[in-house]
Every structure is written in C-alpha cells, then in structure tokens.
Amino acid sequence: MADRSFDVVVIGAGPGGYVAAIRAAQLGKSVAIVEREHLGGICLNWGCIPTKALLRSAEVFHLMHRAKEFGLTAEKIGFDLDAVVKRSRKVAGQLSGGIGHLMKKNKITVVMGAATLPAKGKVSVKTDKGTETLTAPNIILATGARARELPGLEADGDLVWTYKHALQTKRMPKKLLVVGSGAIGIEFASFFNTLGAEVTVVEVMDRILPVEDAEISAFAQKQFEKQGMTIMTKAMVKKLDRAKGKVTAHIERGGKTETQDFDTVISAVGIVANTEGLGLEELGAKIDRSFVVTDEYCRTGVEGLYVIGDATNGPWLAHKASHEGVMVAELIAGGHPHAVDPSSIAGCTYCHPQVASVGLTEAKAKEQGYSIKVGRFPFIGNGKAIALGEPEGMIKTIFDAKTGELLGAHMIGAEVTELIQGYVVGRALETTEEDLMNTVFPHPTLSEMMHESVLDAYGRALHF
C-alpha cells in the first residue's frame, strides 16, 4: 500500500485520543486515528462507564432494601447477575458505537490495528490486511494503561480477577478479597458488598483511598465497616495459594503473617502504561517506570511527538486525558492553550457513599507551607440530604488564610461526584472565600452544604 499522509496521527482511541482527533479536525487538520481494540478505549469499554452502570444497579438494589423507610413496599428483592452485567455491557456498547459516529462526522480516518513508530513522523500499523504506513508531522500518543500485576498475584480470570474479569463475571463471589483500595478497588468492593458478598480490602498504606484527604478516608472506612466490609490497612498480600474453587491468601501485617481463604480475589494495585514495543526509546523519548516523560504541554522532546492521558504523568483520569487532547490539538494548530494543571483535576470515586475531591488535602496544604482555614459541613445538617434519606457525609473546604484562595475541597456522601464541579469551576476562576460566600445557592439542594462549608471555615456557618 502507498503511504497515506495526514497533518495529525493519533494512536489510541480512548477519551484522550478520540477527543484530540475531534479537536484537531475541528481546527481544520487532516486526522487519522489508530486503535488496536475498541473505539472509546478502556474508559468506555472496560472502565469508567461500565463500572458506573454496575454500581447504579447496586445502588438501586440497596434502595429497594430500604423501601420501608420511604413508606414503600418491595417484596422478594433479588438480582440476576447476568442481567446486571448485560446492562453494563449494553451501556458500554452504545457509547462505543457513538464514537464511530463522531469519527465519521468529523471526517477522521479510522485505522484498526497495532501501531509502532519506526521513525520520526511515521506510524506503521499492522492491520488485518497487512502493514500500512501513515506519515504526519504531528503524532499524538494516547495508548493508555492497563492493570498492574504483582508477582504471585497474577490474574487467571477464574479465581483471581482484574477489573476486566470483574466487569463480565458469570458468578457472584461469596468471600471476596480486594487488593488495593484506590478508586477501582473500592468501587468493586462496594459493588460486590452491596450485592451480599463478604468483602475484605487489603491496603499497603496506612489508610484506604490514600490519595484523598485523611479525614475523608477515615469517614469512608467507618461507613464501609458499618456496611460489613473488613478493612486491613498497613497490610500486604504476600502470596496466593490457588486450589479448586479456593484461594488462600498470605496477608502480612505488623510483622505477622496470617492466612485466609477466599473464593475470589480482585487485584487493583495500580496501572502500567502501554508504552513498550512502540519504538519510543529509539526515537529519543524518555520513559520513567513505564510512563513517558513530558513537559506541561505533553511534549516529549522528540519533535512532533506528544503523549497524553494514562501513558504519561498522572493523575490517570479520563477527563484529564480529554483535556490534554484538546490542549495538544490547539498547540499543533498554532494556538496558545493553557497547560493542564494537575491540581485542578477532580477525582471521583463512585462507591457508596461517593467520594470526590479537587486541589490540596489539608496535610498537603500544610506541607507546602500554607497557613490555612478549614471549613466542614455534615450532610445531617442539610434538609435535602435528610429528605433523600442520605444523612451520612461531609464537605470539607481548605482556604489560604492570607489570600482567601480555595486550595482544596473534599467530599463524601450522596451525589458528591456531581457537586465537586462547583469547586472545580471556582478554582478555575481563581475564586476567593468572599466570592463563594456571596454566591446564592438554591434551596433545597445538596449544594447548599458547599456554601455552609465555606462559611464554616470563617466561623460563619448558619445551620450547624
């Protein structure tokens, strides 16, 4: 085949890659996108979206059990795991199909196959039909990441699962061990616990959800334990003995090792970037622990080569990847976009209760030398939360005592993954405590707690 040339070639069609391709096309560039598996990447097919569909089923199931509290009756409450999984896959399929439509609409050439970078400005794609070469002065690498596997804890899809196995499970675990308490681990722990599994979470750090504010982590742990989960922090799964239908885990804590039996293990111990075998080092790109090193504009130091999303520096979140994709497309088109500020990227965890945060934790703010004012407001003081039957939760805000700058916001409770955006916008507009205090929040809403938390930082809370 003759080489095909474009202005921009994007490798990887996840939320970073496909968004970069769309924005570059909008800016008048000729664009090709290469994808080896599914349009939409992990996020749409095996990550953010299908997990939210599963968690929604668990949430509805949980509410059905509480029917009596709301003056309702629901009898013979049960679930059909196959149907729950089927709904989740259907949601993912619908969205993945939508990406194909967006590519057509924006006249983006889609090449399905595995890419390598044989030389600067060249992409070689191994397709069903053979090998094709695409040339472009600008290449955006958006190859994402995969689950990290620890030696001895490798997934087999039968007894030991990664998120991918958990998303299409045919059986309901009775006794589940979740290794790792980041967002992925806690979401699956929450899902299976709600459906009735006996869940143990093992975390090597001194608290669960270790990237969150310590107060939020402690609140979350209390709630999870109330729901029947066993949580072991400062603990490590040293090895797994696999037998028929049973895994014996050797868990080390405080210098002692104990063994426990489980029928299922989910390993959620972080990610590894999909950067090997592409030819990156040969081109001169630097790689640090699988991730490509870039500057704040996702440039690699190799002319015309950019890396966005999970293949480069964290936080490893879909919305950060999309934003970087837009930034790089604008940079290529000669624009002057703002660099993406990692501290302005919100993190959301869809366990029950939900957790969301943006900016600095209290400990990080102190570590960076800020003199701070901290406000808190509990869900129990909010009319809408009580009407919803969701009185467990809190909102915490952290301000620079000198300037009134909003340094961070941390939340746990119902729908906080939707609420956090208010503070994200506030930070983007460089808001101060005064702006937030003077904003009128609608009543009755959960968002009023955001106002109260700000007021509390300055000793002015009205409802608590």
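Note on surface exposure: 146, 289 rank 289, 146 by accessible area, highest first, 1.4 Å probe. With the gyration tensor restricted to C-alpha atoms of the chain, the semi-axes of the equivalent ellipsoid amount to 37, 30, 22 Å, longest first.
Taking every protein chain into account, the accessible area of segment 298-453 amounts to 42 square angstrom per residue (probe 1.4 Å). For the chain, the relative contact order is 14 percent, taking Cα pairs closer than 8 Å that sit 6 or more residues apart in sequence and dividing their mean separation by the residue count. At an R0 of 60 angstrom, the distance between the Cβ atoms of residue 443 and residue 206 translates into a FRET efficiency of 0.90.
With the simple model of a label 7 Å out from the Cα in the direction of the Cβ, residue 148 to residue 133 spans 3.8 nm. Taking label positions 7 Å along the Cα-Cβ direction at both residue 371 and residue 74, the computed distance is 5.2 nm, reported to one decimal.
Can you give me the accessible area per residue for segment 176-247, using a 1.4 Å probe, in Å²?
Numbers: 2930 Å² over 72 residues.
Counting only protein heavy atoms, the per-residue value for segment 176-247 is 41 Å².
These residues, 323, 352, 410, go from largest to smallest accessible area, 1.4 Å probe, as 323, 352, 410.
For the pair segment 442-464 and segment 10-51, the centres of their Cα atoms are 40 angstrom apart. One decimal place: the segment residue 418-residue 114 gains 105.8 nm when fully extended, by the rule 0.36 nm per residue minus the C-alpha distance.
Dividing the convex hull volume of the alpha carbon atoms of segment 247-336 by its residue count, what do you get in Å³ per residue?
156
Rolling a 1.4 angstrom probe over segment 84-242 with all protein chains present gives an accessible area of which 54% lies on carbon and sulfur atoms. Summary value for segment 343-426: 36 percent relative contact order, contacts being C-alpha pairs under 8 angstrom separated by 6+ residues.
Rounded to 0.05, the FRET efficiency of the residue 238 and residue 338 pair, given R0 = 41 Å and the Cβ-Cβ distance, is 0.35.
Based on alpha-carbon centroids, what's the gap between segment 271-318 and segment 379-431 in Å, whole number please? Segment 271-318 and segment 379-431 have Cα centres separated by 34 Å.
Among 456, 400, the order of accessible area from largest down is 456, 400, computed with a 1.4 Å probe on protein heavy atoms. Accessible surface for segment 30-166, divided over its residues, is 53 Å² per residue with a 1.4 Å probe.
Per-residue extension of 0.36 nm, minus the Cα-Cα distance of residue 462 and residue 90, leaves a gain of 129.3 nm for this segment.
The values are calculated or read from the model by the stated rules, or taken from the named source; none is laboratory data. It should be emphasised that the depicted structure is a prediction, and the values quoted were computed from it without experimental measurement. Cβ coordinates were reconstructed from backbone atoms using ideal geometry, including for glycine residues, and neighbour counts include every protein chain displayed. Just so you know, the surface numbers come from the protein's heavy atoms only, side chains and all, with ligands and any DNA or RNA stripped out. Shrake-Rupley method; radii C 1.70, N 1.55, O 1.52, S 1.80 Å.
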